[in-house]
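Notes follow once the structure below has been shown.
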Amino acid sequence: MDLRNLLIGWRQAGTVSLMLCALGSAAAAGAEGASRESLAHAEMLRSRALTGTSAMAIVTSLTTEVGPRLAGSEAEARARKWALQILTAKGFAGVRNEAFEMDAWQRHDERAEIIAPYPQPLAVTALGGSVPTSEAGLLGEVSVFETLEDLKRAPAGSVAGRIAYVGHAMQRTQDGSSYGYFNEARTAGPSIAASKGAAGYLIRSVGTDSHRFPHTGSLRYEVDIPRIPAMALSNPDADQIERVAADHQDLTVRIWVDSSERPAAQSGNVIAEITGREAPEEIVVIGAHLDSWDLGTGAVDDGAGVGITMAALELIKQAGLPPRRTIRLVLWGAEEVGLLGARAYREQHEAALAQHVIGSESDFGGGRVWKLTADSQTEEGDALFLDIANLLAPIGIAPGSDDQPGGGPDLYPLIAAGVPTLRLHQDGRDYFDLHHTADDTLDKLDAAALDQNVAAFAVFVWLVADSDVTFRAVPPQ
Ligand SMILES: [Zn+2]
């Protein structure tokens, strides 16, 4: 049974009741999913989660007692200490930090203003990884490009010595799909501009709000192309630039960035487990990333995920019945600056990856889960997925199709190594209002929505960990 085709069939059938009917019969007719006892236990976990979990208390503690925690910084080290303490206090097994080294970027100061024709300050922030300007700043006339594609088409040398500005038309979407496309203006834009001779780079923040909070985020300099300073304008300030530039070819701005890089800085992945009772070497991985950008307190990105997944692990532990397999919580380090923790984990655990049954990360804020997908390659995996879907349907989560394996950014290196994933898709319509801004703070989270996420994680993680179901196709002999 190919789940994807089945799901397409359901979508065409077009009604939820038909779909639920199909769920029941598919599970009954095909391969074995979860045992009756295991299903009853999962249902109990779901009910308990909905009466209140520790998720909100965990995010509150992290964002209050640690605050912003930029990858490789002293603050990220304090976050690891916080995590080791709280995970030990909750009584989990195998609590440890798996350290790795990285080059740590630091923001010191940043500023920008219109010099001519209408002098005024601009709300900006440096993109993560930006090189500094000189102390005097970088003064330049601005070349405005509506989209990154327009910049790509600009002739070589056409922006020589100028500051290239790139806009975009990112939309608010439930699945956040707009971000994947538009954030190329941030990640790839600086080197594209520099390859055409630009001395500096500005973008409209990759975000959906209309407040004066610029959105930071990593850029990716290409080798052999000059590294130019790069900043994001808040959306209203980007409007201002576009408005002035429409009538003034001589729009001139000055930008200042003071930043530095510290080689061989420390980061780490913090791990905690519930040890499996029968197959402790088989691992179900869940988690979230512990680092955040430095502007807000990282409540939404990704304190929420830390709270959700840690609370799910705690809920399962408190229920007192150990699962058949090991459940491993990984609080990934240095995600924001290039999935460095995820890459380190893959290297450090290479020999055990074949025994990683499935993985999932919570890294899309604190909104409710509305869809689940999995890249199951087996009939028994499909049957267990349907069991999970049946238990999550009453809390507003329906199975759907997906174009590609997912599970969260920190799973990408594991996916490349063949680890299957399951994804609990959260409603992301507000996510990019706050993402990577100073406005990413605790007050934006809703405890009941976090608890719904915990319920979904607890059900899925318990059912997979308590089974012997594999999601990987057996390699052909
Ligand atoms: Zn994140």
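The values are calculated or read from the model by the stated rules, or taken from the named source; none is laboratory data. Since this is a predicted model, take the numbers as computed values, not measurements. Glycine gets a Cβ as well: all are built from the backbone with ideal geometry, and neighbour counts include every protein chain shown. Ligands, DNA and RNA are excluded from the accessible area calculation, which covers all protein heavy atoms including side chains. Shrake-Rupley method; radii C 1.70, N 1.55, O 1.52, S 1.80 Å.
Is it the case that residue 366 is at positive phi, within 16 Å of the ligand (Cβ to nearest atom) and either polar (S, T, N, Q) or open to solvent by less than 20 Å² (accessible area, probe 1.4 Å) (or both)?
In short, no.
Would you check if there is a residue in segment 347-370 being under 17 Å from residue 423 (Cβ atoms) and in a helix (DSSP H, G or I)?
Within segment 347-370 (the criterion being under 17 Å from residue 423 (Cβ atoms) and in a helix (DSSP H, G or I)), the answer is no, since none of the residues qualifies.
Mind checking whether some residue in segment 290-313 is farther than 20 Å from residue 47 by Cα, touching a Gly at 6+ places or on another chain (Cβ under 6 Å), part of a strand (DSSP E or B) and at pLDDT 95 or above?
No - not one qualifying residue is present in segment 290-313.
Residue by residue through segment 432-477, note down the ones that are among the small types (Gly, Ala, Ser) and closer than 30 Å to residue 110 by Cβ.
Answer for segment 432-477, where residues must be among the small types (Gly, Ala, Ser) and closer than 30 Å to residue 110 by Cβ: just 438.
Does segment 150-163 contain at least one residue that is open to solvent by less than 30 Å² (accessible area, probe 1.4 Å), outside any strand (DSSP E or B) and within 15 Å of residue 242 (Cβ to Cβ)?
Looking through segment 150-163, at least one residue is open to solvent by less than 30 Å² (accessible area, probe 1.4 Å), outside any strand (DSSP E or B) and within 15 Å of residue 242 (Cβ to Cβ).
When both residues are 6+ apart or on different chains and their Cβ atoms are under 9 Å apart, which pairs have a first residue that lies in segment 36-63 and is closer than 19 Å to residue 464 by Cβ, and a second that is open to solvent by 50 Å² or more (accessible area, probe 1.4 Å) and of a type in the set (D, E, K, R)?
none
Taking the criterion of being under 23 Å from residue 108 (Cβ atoms) and either within 16 Å of the ligand (Cβ to nearest atom) or assigned to a strand (DSSP E or B) (or both), would at least one residue in segment 266-287 satisfy it?
yes
Which count do you get for residues in segment 379-414 that are open to solvent by less than 20 Å² (accessible area, probe 1.4 Å), in a loop (DSSP other than H, G, I, E, B) and away from the ligand (no atom under 16 Å from the Cβ)?
Number satisfying all stated conditions: 2.
Among the residues in segment 441-453, are any within 15 Å of the ligand (Cβ to nearest atom), at pLDDT 95 or above and crowded, with 19+ Cβ neighbours inside 10 Å?
yes
Residues to consider are 287, 276, 268; find the one that is over 19 Å from residue 346 (Cβ atoms) and in contact with a strand residue (DSSP E or B) (Cβ under 9 Å, 6 or more places away or on another chain).
Being over 19 Å from residue 346 (Cβ atoms) and in contact with a strand residue (DSSP E or B) (Cβ under 9 Å, 6 or more places away or on another chain) holds for just one of 287, 276, 268, which is 276.
Say whether the condition of being open to solvent by 10 Å² or more (accessible area, probe 1.4 Å), more than 26 Å from residue 449 (Cβ to Cβ) and either touching a strand residue (DSSP E or B) at 6+ places or on another chain (Cβ under 7 Å) or within 16 Å of the ligand (Cβ to nearest atom) (or both) is met by at least one residue in segment 305-322.
Among the residues of segment 305-322, at least one is open to solvent by 10 Å² or more (accessible area, probe 1.4 Å), more than 26 Å from residue 449 (Cβ to Cβ) and either touching a strand residue (DSSP E or B) at 6+ places or on another chain (Cβ under 7 Å) or within 16 Å of the ligand (Cβ to nearest atom) (or both), which makes the answer yes.
Does segment 221-243 contain any residue that is more than 25 Å from residue 157 (Cα to Cα), touching a helix residue (DSSP H, G or I) at 6+ places or on another chain (Cβ under 6 Å) and assigned to a loop (DSSP other than H, G, I, E, B)?
Scanning segment 221-243, I find no residue that is more than 25 Å from residue 157 (Cα to Cα), touching a helix residue (DSSP H, G or I) at 6+ places or on another chain (Cβ under 6 Å) and assigned to a loop (DSSP other than H, G, I, E, B), so the answer is no.
So which residues in segment 113-143 are within 19 Å of residue 197 (Cβ to Cβ), open to solvent by 60 Å² or more (accessible area, probe 1.4 Å) and in contact (Cβ under 8 Å) with a residue 24 or more places away in the chain?
Passing the criteria: 139, 141.
Which residue, of 224, 291, 237, 247, is away from the ligand (no atom under 16 Å from the Cβ), in contact (Cβ under 8 Å) with a residue 12 or more places away in the chain and acidic (Asp, Glu)?
Answer to the selection: 237.
Please determine, by comparing only the residues of segment 326-351 that are open to solvent by less than 10 Å² (accessible area, probe 1.4 Å) and within 24 Å of residue 470 (Cα to Cα), which one is farthest from the ligand (Cβ to nearest atom).
326
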